[in-house]
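The values are calculated or read from the model by the stated rules, or taken from the named source; none is laboratory data. On a predicted model such as this, the values are computed, not experimentally measured, just so you know. Cβ coordinates were reconstructed from backbone atoms using ideal geometry, including for glycine residues, and neighbour counts include every protein chain displayed. These accessible areas exclude ligands, DNA and RNA; they are computed on the full protein's heavy atoms, side chains included. Shrake-Rupley method; radii C 1.70, N 1.55, O 1.52, S 1.80 Å.
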Amino acid sequence: MQKSWRNATLLAYSLAILAFLYLPLLILSLYSFNDSRINAVWTGFTLKWYVSLLQNDRVLEALENSLLIASITTAVTTVMGTLAALALHRYQYKCKILINSLLYLPILIPEIVMGLSLLVLFSQTGVPLGKTTLIIAHITFCISFVIITVGARLEGCRQDLEEAASDLYATPWQAFRYVTFPMILPGVVAGALMAFTLSIDDFVISFFVAGPNSTTLPLYIYAMVKRGISPQINALSTCMMLVTVSLVVISQLLQKKGYHSSRKD
């Protein structure tokens, strides 16, 4: 009896936490289909707010900026992060522990501090704020996630397979291309998806380093909210939420798949 009571209490507590986390998101998504412009009153189901998003030039411009910045950020951080993870994993050098610890700083430092520091850097070096500064800023805080994700995948890879390839007279490039890269590919893709998600979803850092013609979707949503919350904002937020959640789920599945494949090897 006491055990079942504890289980019921734990279940109720877990459901309360989940409701606290996800109920606001569910309500926001629900009211994106509300026919009324007033969120407090439900008048009927409609898709007109989603249709209006496709006809809003400012939304499309913000979407274009977000996709461009996130795509470039993902490409650069994936290449740089993968190479850095390989170097950190393979080679031994002085202060390795210190350098590995520094990789977590962009993750641990509050975003408002990083955004302010980057703003000071760009202002002192005379770099005009715009898409270039946004891309540099996004690369700065996304690359650590890629390094850590790919590094975790490298930890589960078998080094004897590379050694076997070398014994069969494979060059270092051939060993990497045909042995190492296929093994770490799930981690590379997961890191790329994580970087894309973080870039397209970032607001705080982008708020500091964005220029007048480089508004991203999160910045556009913030500007719309200051004028009042409408079902169109709910629709746009719901779309962003679905994209973000989908990319995170795919990233986690790829990491899990890579983990299980390494266990089988």
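One table, with the values for the structure above:
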{"read-out": "The lone exception for residue 29 - which of (1) hydroxyl-bearing (Ser, Thr, Tyr); (2) surrounded by 12 or more Cβ atoms within 10 Å (Cβ to Cβ); (3) part of a loop (DSSP other than H, G, I, E, B) it fails", "value": "(3)"}
{"read-out": "Test: residue in the stretch 138-152 that is within 30 Å of residue 241 (Cβ to Cβ), open to solvent by 30 Å² or more (accessible area, probe 1.4 Å), out of contact with any helix residue (DSSP H, G or I) (no Cβ under 7 Å at 6 or more places or on another chain) and without any contact (Cβ under 8 Å) to a residue 40 or more places away in the chain", "value": "no"}
{"read-out": "Residues of the stretch 148-177 satisfying the condition of being at pLDDT below 75, of a type in the set (S, T, N, Q) and within 15 Å of residue 88 (Cα to Cα)", "value": "159"}
{"read-out": "Pick from the stretch 68-116, criterion in a loop (DSSP other than H, G, I, E, B) and of a type in the set (A, V, I, L, M, F, W, C), ranking: most open to solvent (accessible area, probe 1.4 Å)", "value": "95"}
{"read-out": "Total residues in the stretch 1-24, condition under 19 Å from residue 230 (Cα atoms) and open to solvent by less than 70 Å² (accessible area, probe 1.4 Å)", "value": "0"}
{"read-out": "Scope the stretch 45-57; condition in contact with a Phe, Trp or Tyr (Cβ under 9 Å, 6 or more places away or on another chain) and either of a type in the set (Gly, Ala, Ser) or within 16 Å of residue 240 (Cα to Cα) (or both); matching residues", "value": "49, 50"}
{"read-out": "Residue 41 outside any helix (DSSP H, G or I), on the phi < 0 side of the Ramachandran plot and either touching a helix residue (DSSP H, G or I) at 6+ places or on another chain (Cβ under 8 Å) or loosely packed, with under 13 Cβ neighbours inside 10 Å (or both)", "value": "yes"}
{"read-out": "Residue list for the stretch 117-136, restricted to those being of a type in the set (Val, Ile, Thr) and either open to solvent by 70 Å² or more (accessible area, probe 1.4 Å) or over 23 Å from the mean Cα position of the chain (by Cα) (or both)", "value": "120, 125, 127, 132, 136"}
{"read-out": "Test result for residue 59, part of a helix (DSSP H, G or I), β-branched (Val, Ile, Thr), modelled with pLDDT under 85 and surrounded by 12 or more Cβ atoms within 10 Å (Cβ to Cβ)", "value": "yes"}
